Amino acid sequence: MGNSTTADEICLRCKGARMLCGKTHCPLLIKSSILKSIAPLDMYKKIQRDKIIFGASPPGVFVGRFGYPQVNIGPMIPINEDLIEKAVLLNPTVTTKDTSVLDISEFWYGKSQEEIITYRSSLARSNFKLNVYSPSKSTGFKTLEEVEEKLTLNERRLLDASQELAMSKISIDTESKITRLMPQLTMDPHSPPLGPIFTPETIRIVDNIKVNPRVDYAVNDSDLNATDAIFDYLYKPNLTLLNEDYHSHKLVLGTEMVRLLSSGLLGTKERRKIVPTRWAIAAVDDITSKRLAKEIRHYPEINQFYTFHGKYLDNNFVILLIPGPWSYEMMECWAANSIWTQTVPGVQNADSFRIPKIIQDHEMETGRKKYASNITGAYYAARKEIVEFLYLNHKQARVVLFREIKGGYLVPLGVWVIRETVRNILKDGFGSDSMNKHETLDDALIRIRENFSVPLKYWLQASKFLKIIRTQRTLNEWMK
Amino acid sequence: MFELTMNDSRAIQGVFDAVAAIIDETEINFNPNGISLTSIDAGRVCLISLNLDKEDFDAYKCDKEEKIGLNIEDLVKILKRSSVNDSIVFQYADTSNKLVILMQSSEGKKIRKFSITLKDISMPPIKPESLEKISYNNSVSLPIGYLQEAIKDADIYNDTVIIRMNDQSLVFRSEGNVGDTECIMDKEDTMLTNFVASDDAEGTFALKFLNHMLKVSSVPNVTQVEVSVSTDQPLKASFNIMGASSIKYYLAPRIEDEDEEY
């Protein structure tokens with residue numbers, strides 16, 4: 001059934017990804033890409049003259065999704081030394097060469113939009129095209145092995161460099177001879193913003209990489225499927241560690257798993273593939289939380305209602321915990337005049353945003369098999385943190401996540417905003433300052449009224465999940 | 001220790017397929033009189049109670065009661081590998097923690113052996129006895145096809161269906177933004193049997209679970225379902241399968257959606 005399919009909310013459903021307005025580029029994202037001017041021009045000039053980029057890769061690898069199965073893949077190298085120094089200053093516990101903050105979104109919570117855009121616009125990504133399409137195969141796509149067979153020596157080196165960087169635990173000096181550098185900043189609702197693009201001729205990793213033993217194991221075991229590799233080897237053993245433990249070299253962060261998965265380093269040998277970063281982000285969030293959710297189903301249910309509240313970058317969250325077996329709904333409302341609800345000339349959005357538009361996806365006790373196509377990546381990002389919170393607190397609950405986005409969220413920065421904000425709201429567990437206890441559901445729902453500008457009645461109308469649990473009786477009533 | 005044989009592989013497959021729609025793991029009771037299983041879905045909305053009588057097996061050897069925990073999804077995956085002419089054997093020895101499933105072709109020349117590791121399952125506490133005590137004022141036996149069609153109709157409009165029964169008819173009603181639908185089965189319809197109605201009963205039920213129940217129709221020769229309704233009570237649906245065996249469901253109703261003001 002899904003949401004209505006009329007043309008009147010296309011920006012909200014598309015969010016710059018599906019090109020539902022028929023234009024070749026999203027007009028709203030083009031508008032926001034003016035922000036690219038944040039990186040100084042002199043530097044571009046210098047690089048364009050020398051045709052060389054040298055810097056410590058965070059490490060970072062990006063795989064683009066436009067034109068799939070013709071994918072753009074390549075390492076990322078910082079181009080602005082001043083900015084890097086600034087980044088290092090912000091993270092004083094690390095050595096001078098550490099540029100990890102430029103790519104690891106787990107470190108960004110609490111930073112301003114400008115800071116994040118500064119990080120990203122000083123990180124150039126290289127692009128070289130690889131065709132992963134295979135018309136002869138039933139799946140239509142080549143595995144990494146088949147892609148590698150057809151590569152030229154130079155392409156092979158570029159791919160090897162990308163994969164080597166994807167495995168590295170530490171920032172690593174990397175040098176690239178380039179043919180051109182294009183200043184730009186691309187926004188995407190799923191992945192963090194992307195900086196300038198360069199076309200590499202050669203890429204040389206100057207230093208030796210350092211690999212986390214778990215990563216080493218997962219990459220070298222070509223009989224291990226990607227789901228098991230991510231969950232059992234990379235994610236689960238680190239569950240109790242904090243993001244800050246990254247520098248102790250024990251923890252494998254989500255961003256690192258995304259790099260490994262997207263550069264075709266995980267999975268059984270015959271199934272390894274190059275995966276666009278955006279898809280890999282959703283895949284990692286989905287894999288980790290789906291498996292962990294199976295485990296919390298044996299945990300005791302909470303016996304009171306709880307709400308948690310928090311906000312970041314004009315993204316407002318209320319997390320509602322209801323006694324019952326694990327199940328989950330996320331609702332999202334882009335308030336009037338936020339990014340996806342502004343009036344765009346030539347796009348049929350006009351006038352339709354006077355009534356708040358709330359989109360939702362949910363799953364009942366048995367989980368979901370179809371992609372959460374209304375909320376998309378944010379659904380899985382938030383679910384990951386919520387399940388993790390319940391797991392660590394040894395509880396299960398029905399959870400409803402409300403997210404209201406206001407105009408202060410200037411550009412979409414990626415699903416990490418949702419993931420990290422939810423993580424932060426829940427980090428102190430039950431009993432944190434952001435938490436309230438309630439006796440009844442109606443009492444708990446008052447928290448929405450207190451914190452959101454969109455009236456509660458619209459949220460209740462939009463929620464499919466709350467409707468089910470408010471009306472569905474259980475057999476317990478007859479089995480006392 | 002037990003060893004049971006059923007020549008009709010489709011029947012046993014259909015039975016567990018229906019169970020798997022409601023629950024993913026449960027404890028199964030193998031006893032000298034047959035196999036039984038009672039379990040409830042994670043949301044505690046639908047209870048399934050299965051009784052396979054030993055008469056319906058082609059060979060049945062079980063000297064004492066054994067309770068074994070199984071992942072039903074895995075069991076179904078294995079049973080789906082059987083072909084129409086296979087006979088299925090369940091074997092269990094006290095000393096092992098595995099259930100062995102043999103698939104034997106009708107000529108008896110080819111045997112496939114599968115084993116499935118038993119699981120320790122913490123069963124949610126349920127008291128099916130109190131459900132069985134409910135006395136229903138209205139019940140009727142109707143062809144499964146009738147129920148199937150009524151549910152498909154309702155699915156166009158909503159995720160729930162209102163089931164109403166009085167001394168004249170059984171009615172399935174559904175309404176939504178699109179409009180509404182009604183399916184009226186008159187008591188004079190010769191396809192309806194055992195029509196008993198002593199008051200007006202009405203209840204709203206989730207289509208999802210009614211659809212799960214209909215999976216029983218993949219068991220060969222199951223044509224009728226007996227539906228019992230009473231206002232403010234769970235819906236009871238029972239299917240007689242194979243001969244002496246049965247599958248019963250209890251489904252909790254939904255309450256009318258009060259549009260409260262906020």
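Here are the numbers:
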{"item": "Cβ-defined net charge surrounding A:Arg419, 11 Å radius [Lys, Arg +1; Asp, Glu -1]", "result": "-2"}
{"item": "For A:Ser176, net neighbour charge (Lys/Arg +1, Asp/Glu -1) across residues whose Cβ lies under 10 Å away", "result": "+1"}
{"item": "Anchor B:Lys109: lysines whose Cα lies under 22 Å away (excluding residues fewer than 8 positions away in-chain)", "result": "B:Lys80"}
{"item": "Angstrom value of the Kirkwood radius, inverse mean 1/r, which spans all Cα pairs in the stretch B:2-121", "result": "14.6 Å"}
{"item": "Rounded to the nearest 20 debye, dipole of chain B from Cβ charges on Lys, Arg, Asp, Glu", "result": "1700 debye"}
{"item": "Positive-pole candidate from A:Pro455, A:Gly264, A:Ser222, dipole of chain A, charges at beta carbon", "result": "A:Pro455"}
{"item": "Modelled FRET efficiency - R0 56 Å, B:Glu175 with A:Met182, Cβ distances, 0.05 increments", "result": "0.50"}
{"item": "Cut-off under 5 Å, modelled amide H: who pairs with A:Glu301 long-range", "result": "A:Gln396"}
{"item": "Computed [θ] at 222 nm, deg cm²/dmol, chain A (DSSP H ≥ 4; -39,500 (n - 2.57); rounded to nearest 500)", "result": "-9000 deg cm²/dmol"}
{"item": "Efficiency of FRET between A:Asp173 and B:Asp63 - r from beta-carbon atoms, R0 51 angstrom, step 0.05", "result": "0.10"}
{"item": "Qualifying lysines (Cα of each under 16 Å from Cα of A:Lys480; at least 8 residues distant if same chain)", "result": "B:Lys127, B:Lys133"}
{"item": "Over the stretch B:135-251: Kirkwood hydrodynamic radius from C-alpha pairwise inverse distances, Å", "result": "14.3 Å"}
{"item": "Ellipsoid semi-axes in whole angstrom, largest first, where each is sqrt(5λ) of the Cα gyration tensor of chain A", "result": "38, 26, 22"}
{"item": "Under Karplus coefficients 6.51, -1.76 and 1.60, residue-wise ³J(HN,Hα) of the stretch B:218-232 in Hz, glycine/proline x", "result": "7, 6, x, 6, 8, 10, 10, 10, 9, 10, 10, 9, 8, 4, 6"}
{"item": "Distant alpha-carbon pairs in the stretch A:33-283 (separation over 34 angstrom), percent", "result": "12 percent"}
{"item": "Whole-number D in µm²/s for the stretch A:378-467 (Stokes-Einstein; Kirkwood sum over Cα pairs; 4 °C, 1.567 mPa s)", "result": "88 µm²/s"}
{"item": "Convex hull per residue volume in Å³, alpha carbons only, for the stretch A:299-479", "result": "126 Å³"}
{"item": "Chain B - mean residue ellipticity at 222 nm from DSSP helices (-39,500 (n - 2.57) per run, n ≥ 4, rounded to 500)", "result": "-5000 deg cm²/dmol"}
{"item": "The stretch A:418-480: GluC sites (Glu not before Pro) in DSSP loop, at most 11 other beta carbons within 10 Å", "result": "A:Glu439"}
{"item": "Farthest positive-ward along the stretch A:33-283 dipole, Cα basis, beta-carbon charges - from A:Phe231, A:Leu181, A:Ile116", "result": "A:Leu181"}
{"item": "Residue-averaged beta-carbon neighbours from other chains (10 angstrom radius) around A:462-475", "result": "5"}
{"item": "Sum of side-chain charges, A:Leu151 neighbourhood, beta-carbon under 12 Å (Lys, Arg +1; Asp, Glu -1)", "result": "-1"}
{"item": "Calculated P(r) tail over 19 Å for the stretch B:185-247, as whole % of Cα pairs", "result": "42 percent"}
{"item": "Protein-only accessible surface order, largest first, of B:Leu52, A:Leu441 at 1.4 Å", "result": "A:Leu441, B:Leu52"}
{"item": "Stretchable slack from A:Arg449 to A:Asn436, in nm (0.36 nm times residue separation minus alpha-carbon distance)", "result": "3.3 nm"}
{"item": "Debye, to nearest 20: dipole size of chain A, +1 on Lys, Arg Cβ, -1 on Asp, Glu Cβ", "result": "1180 debye"}
{"item": "J(HN,Hα) series, the stretch A:402-414, from Karplus relation 6.51 cos²θ - 1.76 cosθ + 1.60, nearest Hz, glycine and proline x", "result": "9, 10, 10, 10, 10, x, x, 7, 5, 9, x, 9, x"}
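The values are calculated or read from the model by the stated rules, or taken from the named source; none is laboratory data. These figures come from a predicted structure and were not determined experimentally. So basically every Cβ, Gly included, is an ideal-geometry build from the backbone, and we count neighbours across all protein chains shown. Only protein heavy atoms, including side chains, enter the accessible area calculation; ligands, DNA and RNA are left aside. Shrake-Rupley method; radii C 1.70, N 1.55, O 1.52, S 1.80 Å.
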